[in-house]
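Asks: The structure is given below, and queries will be raised subsequently.
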Amino acid sequence: MSYETNTDLESTPATGAPDSAFGHLIDALNAAGSVLIAAVMLLMCADVLLRNLANRPIDGVAELVATSIVMIVFLQLPATLRHGRMSRADLFIDPFIDRRPRAGKRLRALFSAAGIFACGVIAYASWRPLLRSWTEDEFLGVEGLFTFPIWPMRALVVLGAALAAVQYLLLVIQDIRESLAAAGGDAPNATRKPGAQHE
């Protein structure tokens, strides 16, 4: 069984369902992250070619790549959760849910609640640096050679962490609902296809 069964939001109408505005938003951010990955790859290839063939490297590549990695992570984090692709150790939780669906789903909801807290802390801790970088016009790079503002990266950190917290909340709600259904004699696991991917 895969955690994808917990994030199968397509199977039941919910605020995180794929036809909702929230679902479209995080999938759009995920697509933007993929585009940014491609752009970074092209930038790095161009820098290597120009450095070796013409001895004219592109200024600021190292800073741009480092910043882009952070942006990519937080652009794609909510969709990673939504589609059940977050790395985790399932040695305990999956067999436990198989044996005791009600208790297992409530335990998994507790894990998701910890995710809400962690992402909330990240969003909160990043808010003031975002405001400071906006008001004080902070930048990365070497002044006079190559600089770019840092606030877009921090804005995406806040946005991605906040949306990930909302997605964790949806997982908590879904697990609690399924645990109540299991307590009432319904077994949602039996009707689902473990590991099914939903794009």
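The values are calculated or read from the model by the stated rules, or taken from the named source; none is laboratory data. Quick caveat, the model's predicted, so the values are computed rather than measured. Using ideal geometry, Cβ is built from the backbone for each residue, glycine included, and neighbour counts are taken over all protein chains shown. Surface areas here come from the heavy atoms of the whole protein model, side chains and all, with no ligands, DNA or RNA. Shrake-Rupley method; radii C 1.70, N 1.55, O 1.52, S 1.80 Å.
Asks: What ranking, highest mean first, results for peptides 91-99, 148-156 when packing means the other Cβ atoms within 10 Å averaged over each residue?
Replies: Put in order of decreasing packing, that is 148-156, 91-99.
Asks: Follow-up question, since we're still on this one. What is the distance in Å between the Cα centres of segment 74-93 and segment 135-161?
Replies: Rounded to whole Å, the Cα centres lie 28 Å apart.
Asks: Largest first, how would Cys45, Cys119 line up by accessible area (1.4 Å probe)?
Replies: Working: Cys45 80, Cys119 10 Å².
Reading off the accessible areas and sorting them downward yields Cys45, Cys119.
Asks: Pop a pseudo-label 7 angstrom from the Cα along the beta-carbon direction at both Leu42 and Phe148 and give the gap in nm to one decimal.
Replies: Going from the Leu42 label point to the Phe148 one covers 1.3 nm.
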